[in-house]
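Reviewing the structure listed below.
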Amino acid sequence: MNKKVVLAYSGGLDTSVAVTYLTHEYDMEVIAVAVDVGQNEDFEAIRQRALDSGAKEAVVVDIKESFADNYLSKALKANALYENRYPLVSSLSRPAIVEVLVDQAKKFDADTIAHGCTGKGNDQVRFEVSIRALSPELNIIAPTRDWNMTREQSIDYAKNKGIEVPVTKEKLYSIDENIWGRAIECGILEDPWNRPPEDVWSLTRVTKDEPSEVVITFDSGVPVKINEKTLSFFEIISELNSLVGSYGFGRIDMVENRRVGIKSRETYEAPGALALICAHRDLEAVTLERDLAHEKAKMEPRIAELIYDGLWFSPLMEAFCDFVESSQRYVTGEVRLNLSPYSCTVNGRRSPYSLYDYSLATYDAQDSFDHSDAEGFVKLWGLGISTWAQKQKKV
Ligand code: ARG
């Protein structure tokens, strides 16, 4: 009996050729597993394509809701942005997909997992480190990394084996998508000076120019309502993607540092994710005590780095998540976003736990602040400086 391998299958050219390649070169039975993380795809067609490419079994696993609840909510609570800009779209989906792959490997009694990542990217790192964290006894194969074929050669390879691979028109970009956003790279974008052509964007096209407002309700750091309508977190992201995206907000064009040491020009669109992070940060500004807010803000870039670097399943990430979770206890309330073409800004926030105290902040008659407290405080605050200044004058 042939050995079984569970392949992370996307339905694209590389993973389709990988099905054929694993079957013929490795003599393996391929179980193609496609994971629905909210990308815009016809999953029945994907399943059929896997079978047509020679897979023994092909399954689609829908983890949309749990991906949002167990992964994206943690990223949002941490306001996670890699290099201060990228909301970690692909980085977050990899460990979630690996959970499914490991599970399916057990189910089908396969001792090997394969993925279609190349040797130059971050995704191989995330897949393999996550597999080793969850199930160190599994073998890993990366056929795309090993076969050393150009795109044309891999198409020919599949043809020679009598397999019809999914090549439509010239593939312009490498695209990865899930409910948290879309990553678009390669092709003309590889020159960082080139302006991203309009066809790069699909979630962020301006179809509305009349400004509008949307109110997002958070409960302990997680969004639970849009304009008073209760929805699941996944549904909220989905609804915001279309609403905020229709104003063209959420585009990112950046050169980033890959884990493998390569600088890479990336374009992203993440209207829902960026709108939510903007709203969540703002609600934290009124509900988090100062020291907690500042300490958390220092951790956030580090958390983003861990996610980016494939260390979702790691003791440090676990410890950070515990800290962040505890910080979110009172991040409950509402934020009002103002939408207009290419813009999404906060224009109001309120919370039952707001630490904003009108009687302390105001300069009018309701002022309850004891101004005489200030004099001594400021004197002591600056005592070291005034001592230093006196000394400077003398020497
Ligand atoms: N540079 C991004 C990241 O490392 C996006 C990767 C997109 N992956 C892809 N196969 N197109 O997270």
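Only the coordinates and a few stated rules stand behind these numbers; no lab work does. Nothing here was measured: the structure is a model prediction, and the numbers come from that model. Virtual Cβ from ideal backbone geometry, glycine too; neighbours counted across all protein chains shown.
Once the Cα-Cα distance is subtracted from the 0.36 nm per residue extended length, the Val378 to Ser135 segment shows a gain of 81.7 nm. Across every pair of non-identical alpha carbons in the chain, the mean reciprocal distance, once inverted, gives a Kirkwood radius of 23.4 Å. Placing R0 at 56 angstrom, the Cβ-Cβ distance between Ser314 and Asp191 gives a FRET efficiency of 0.95 after rounding to 0.05.
In percent, rounded to a whole number, the relative contact order of the chain is 18, using alpha-carbon pairs under 8 Å and six or more apart. Using only Cα atoms, locate the centre of the stretch 260-303 and the centre of the stretch 12-38, then give the distance between them in Å, rounded to an integer. Going from one Cα centre to the other spans 36 Å.
Note on the stretch 240-395: with charges restricted to the Cβ of Lys and Arg (+1) and Asp and Glu (-1), its dipole about the Cα centre is near 700 debye. Applied to the stretch 66-77, the Karplus parametrisation 6.51 cos²θ - 1.76 cosθ + 1.60 on θ = phi - 60° returns per-residue 3J(HN,Hα) values of 6, 4, 5, 6, 9, 10, 5, 5, 5, 5, 5, 4 Hz, with x for Gly and Pro. Beta-bridge orientation, the chain: approximately 65 percent antiparallel, per DSSP, counting only bridges with both partners inside.
Expressed as an acute angle from 0 to 90° and rounded to the nearest 10, what is the orientation of the C-alpha long axis of helix 13-25 relative to the principal long axis of the chain? Tilt of helix 13-25: around 50 degrees.
Between Asp111 and Ala389, residue separation times 0.36 nm minus the direct Cα-Cα distance comes to 93.0 nm. Taking the longest Cα principal axis of the chain as reference, the axis of helix 371-381 is set at about 70 degrees. 3J(HN,Hα) along the stretch 230-244, derived from phi through the Karplus expression 6.51 cos²θ - 1.76 cosθ + 1.60 where θ = phi - 60°, amounts to 7, 9, 6, 4, 4, 5, 5, 4, 4, 5, 5, 4, 6, 5, 5 Hz, with x in place of Gly and Pro. Using 0.36 nm per residue and subtracting the Cα-Cα separation, the extra length available between Asn70 and Ser174 on full extension is 34.8 nm. Given +1 at the Cβ of Lys and Arg, -1 at the Cβ of Asp and Glu and no other charges, the dipole of the chain around its Cα centre is 1000 debye to the nearest 20. Put simply, when 292-305, 352-365, 112-125 are sorted by average Cβ atoms within 10 angstrom per residue, most first, you get 112-125, 292-305, 352-365.
Computing FRET efficiency as 1/(1 + (r/R0)^6) for Ser232 and Gln153, where r is the C-beta to C-beta distance and R0 is 45 Å, gives about 0.50. Each label point was placed 7 Å from the Cα along the Cα-to-Cβ direction; for Asp199 and Val260 their separation is 2.7 nm. Over the stretch 52-128, Cα pairs under 8 Å with separation of 6+ residues give a relative contact order of 24 percent. The residue among Asn148, Ser174, Leu134 whose Cα reaches farthest toward the positive pole of the charge dipole of the stretch 104-205, with charges on the beta-carbon of Lys, Arg, Asp and Glu, is Leu134.
Relative to the longest principal axis of the Cα atoms of the chain, the long axis of helix 290-308 lies at roughly 10 degrees. Residue by residue, the stretch 81-92 carries 3J(HN,Hα) couplings of 9, 6, 6, 6, 9, 9, x, 6, 3, 6, 4, 6 Hz when phi is fed to the Karplus relation 6.51 cos²θ - 1.76 cosθ + 1.60 (θ = phi - 60°); x denotes Gly or Pro.
First measure r as the distance between the Cβ atoms of Tyr353 and Glu83, then evaluate 1/(1 + (r/R0)^6) with R0 = 30 Å and state the FRET efficiency to the nearest 0.05. The pair Tyr353/Glu83 has a calculated efficiency of 0.40.
Charged side chains reduced to their Cβ positions (Lys and Arg at +1, Asp and Glu at -1) give the stretch 124-253 a dipole of some 260 debye around its Cα centre.
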